[in-house]
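The values are calculated or read from the model by the stated rules, or taken from the named source; none is laboratory data. If you're wondering where the values come from, they're calculated on a predicted model, not measured in any experiment. So basically every Cβ, Gly included, is an ideal-geometry build from the backbone, and we count neighbours across all protein chains shown.
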Amino acid sequence: MYEAWKSERKNTMSQESFQPFYFKGVKFDGNHSPVAMEMVESFEVRDDDVFISAYLKSGTTWTQQIVSLICADGDLSEVCKVPIQQRTPWLETLDRVKGTGEPTPKVLKDAPSPRLMKTHLPYHMLPQQAKDGRGKIVYCARNVKDVAVSWHNMRRMVNNIPCGSWEENFQEFMTPEEAYNGFWWDVIPEYWRHKDDGNMLFIKFEDMKQDLRGHVVKIATFLGRTLSDQRIDEVVANCTFSAMKENPATNFSRIPALQKAFFSKAEGSGLEFIRKGEVGDWKNWFSQEENQILETIHEEKMAGLDLTFRFE
């Protein structure tokens, strides 16, 4: 099932530069492409396009899995075997599906509808037509403490993203101009302010952990999809963390070729692309001082917003 995709991905790898860079004042890791990002703002959005958006390590893959299964017309058991990057291409990158090396916005131009797309971009960098109300945006947010820990562990395993110690990565995460994909306290409030837009659904990682089935129904309703109870149950069964961890189509570190190409520095560590998916893992990492630093900034930056998160 994965052989063609792995071969195409290998051909693309040599064409990519993985050095971090700044785009419009925001730092991005080298998995992103400045060429693709230049094309995003003018990307022509269709009414049935779906953008799955989230800050780094905030439930993106989880939301991709849910949305793609809801939108699948065929047998879910077969759809689940298709690599998630093929079902929901990453908008601001070079093509990772066909292996053309072309910017994903260009590749998606002639793709059949409905087009599902993943993005880690801040709201103000989304396609202008999406911000004007075309298509639909499913945004998943996660409590900032668990995001910081999950991002640190991702950097420990991904070959092409530089990684320091937990203390170094924490300091970088807490520095606005050094944080990858934007400062959390800039990005999340910006999306939250658009939560009532007609084409936006704002959900939380922690809420999905408490009520996965309810969120499958909520997302399906938002997307205008009517699912039978049986189909909802099938989606839920394929979207638990245990199911996704065992599925190579969502847990890329279970694909030997990709593990070798992208995750080899984690060999023997037990780290995987789908790691824990827990609420409160930050308590195993944060020192008392680090927690106080973050709490102070969080209280200051979130003042005046009716947005709260569950931290355990």
Problem set entry | segment 266-312: number of residues that are surrounded by fewer than 16 Cβ atoms within 10 Å (Cβ to Cβ) and either in contact with a Leu (Cβ under 9 Å, 6 or more places away or on another chain) or modelled with pLDDT under 95 (or both) | 10
Seminar exercise, completed: (1) surrounded by fewer than 17 Cβ atoms within 10 Å (Cβ to Cβ); (2) farther than 13 Å from I66 by Cβ all hold for R213 apart from (2)
Exercise. Which of the following residues is surrounded by fewer than 17 Cβ atoms within 10 Å (Cβ to Cβ) and at pLDDT below 95: D73, D95?
Worked result: D73
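Given I161, I188, which one is among the β-branched types (V, I, T) and surrounded by fewer than 21 Cβ atoms within 10 Å (Cβ to Cβ)? Outline the logic, then answer.
Working: I188 fails: surrounded by fewer than 21 Cβ atoms within 10 Å (Cβ to Cβ).
Answer to the selection: I161.
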For this session: Return yes when V67 is closer than 17 Å to V216 by Cα and surrounded by 21 or more Cβ atoms within 10 Å (Cβ to Cβ) and no when it is not.
Result: yes
Exercise. Regarding M117, is this residue surrounded by 21 or more Cβ atoms within 10 Å (Cβ to Cβ) and at pLDDT below 95?
Worked result: no
Exercise. L258 passes all but one of (1) in a helix (DSSP H, G or I); (2) surrounded by 19 or more Cβ atoms within 10 Å (Cβ to Cβ); (3) modelled with pLDDT of 95 or more; (4) not small (G, A, S); which number fails?
Worked result: (3)
Problem set entry | Candidate set: segment 164-180, residues that are of a type in the set (A, V, I, L, M, F, W, C), touching a residue at least 40 places away in the same chain (Cβ under 8 Å) and within 23 Å of L121 (Cβ to Cβ); chosen: the one surrounded by the fewest Cβ atoms within 10 Å (Cβ to Cβ) | M174
For this session: Give the number of residues within segment 127-156 that are among the aliphatic types (A, V, I, L, M) and part of a helix (DSSP H, G or I).
Result: 6
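Is it true that L116 is under 18 Å from S58 (Cβ atoms) and within 14 Å of the chain's Cα centre (by Cα)? Quick ask: steps written out before the conclusion?
Values: under 18 Å from S58 (Cβ atoms): yes; within 14 Å of the chain's Cα centre (by Cα): yes.
Yes: the conditions hold for L116.
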